[in-house]
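> Structure provided below as structure tokens; questions to follow.
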């Protein structure tokens, strides 16, 4: 890791502060041993495979929508429905959910290595940004994990419908429109960040490049660029739809990923655009599978 300090060592000479920090360091070191354990890393790889498969399925469902298929949810819940419909689907959903939970823990464990930078004024802001990025990745995996586990337990729901309900409930409280608008802007920023990662190639820091064969690096980079760009566009559309819902107080415009696909499909060159987006999500799925083979969790990316 560049631009961040080496592991922190307190300069205090005795007293309660020194004792408190020593206990904190011991607790963090013990937690770090758990998040670095080979068993957890192996389970995290299962989670990365599941993450890749989910995106491959989203790509396939989006392609079906581009061909006029009806009653097809081109989002995470649609992908999980597709898994549930296969032989042994319930077992697969449990494996996906537990693997993604392990992935969330493994990814979030990176914070335990860099948190000490928060005590250093020179690196405090940089460390906070790095830790926030790492926790954000872990949160994405955790949310998808919980969704998969709910499906495995038989508690299904529609993501777009739940988003509309939540938006409607929020709009009814004082300042709700501002909160919904801010959430929409946040999703737009997330989409822009994903697009930037695709353009800049920063996602390659999540790949253990020394372990990956040189001949595969250009392929991994190519599919990663396409995949991150497609996700950036899709989530950008989701954010715009949420902002529109806040501005018009029309909850019907607040939709998730599936609604964004529908909106793209209604554009002038909708089917062609959806085909490109479908290919992009499939490319991201391939990239995630490559990351499962050569995983790294560099939070500076």
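What follows is calculated from the coordinates using simple rules that are stated; it is not laboratory data. This structure is a prediction, so every number in the text was calculated from the model and none was measured. Quick reminder, even Gly has a Cβ in these numbers, built from the backbone with ideal geometry, and neighbours come from all protein chains shown.
> In nm, give the distance between the simple-model label positions of residue 139 and residue 217, each being 7 Å from the Cα along the Cα-to-Cβ direction.
3.4
> With an 8 Å Cα cut-off and a minimum separation of 6 or more residues, compute the relative contact order for the chain in percent.
Result for the chain is 26 percent.
> Of the peptides 277-285, 104-112, 210-218, how do they stack up when ordered by the mean number of other Cβ atoms within 10 Å, highest first?
277-285, 104-112, 210-218
> For the residues 140, 83, 178, what sequence is obtained by ranking on other C-beta atoms within 10 Å, fewest first?
With the sparsest Cβ surroundings first, the list reads 178, 140, 83.
> For Rg/Rh (Cα atoms, Kirkwood Rh), the choices are (1) 0.98; (2) 0.95; (3) 1.01; which was calculated from the structure?
So the structure-derived entry is (3).
> If I stretch the segment between residue 269 and residue 172 completely, what's the gain in nm (0.36 nm per residue apart, minus their alpha carbon distance), one decimal?
Values: separation 97, 0.36 × 97 = 34.92 nm, distance 3.65 nm.
Length gained, residue 269 through residue 172: 31.3 nm.
> How high is the relative contact order of segment 159-294, given as a whole-number percent (alpha carbon pairs under 8 Å, six or more residues apart)?
34
> Same structure again: Could you sort the peptides 240-248, 186-194 by per-residue average Cβ neighbour count (10 Å cutoff), highest mean leading?
240-248, 186-194
> Give, in nm to one decimal, the length gained when the segment between residue 293 and residue 150 is fully stretched (0.36 nm per residue of separation minus the Cα-Cα distance).
That works out to 48.7 nm of additional length.
> Can you give me the C-alpha center-to-center distance between segment 151-212 and segment 47-76, rounded to a whole angstrom?
A separation of 17 Å, based on Cα centres.
> For the chain, set up a GNM with springs between Cα atoms under 10 Å and report which of 50, 30, 132 has the largest fluctuation.
30
> Return the single residue from 146, 226, 91 with maximal mean-square fluctuation; model: Gaussian network over the chain, springs between Cα atoms under 10 Å.
91
> Fewest first, what order do 273, 204 take by the number of other Cβ atoms within 10 Å?
So the ranking, lowest neighbour count to highest, is 273, 204.
> Along the Cα-to-C-beta direction of residue 196, a point sits 7 Å from the Cα; which residues of segment 267-294 have their amide N less than 20 Å from that point?
none
> Quick one: order 275, 170 by neighbouring beta-carbon count within 10 Å, fewest to most.
275, 170
> Can you tell me the order of 259-267, 52-60 when each peptide is scored by its average per-residue count of other Cβ atoms within 10 angstrom, highest first?
Descending mean neighbour count gives 52-60, 259-267.
> Between residue 121 and residue 252, what length in nm is gained on full extension when 0.36 nm per residue of separation is reduced by their alpha carbon distance?
Gain on extension, residue 121 to residue 252, equals 42.5 nm.
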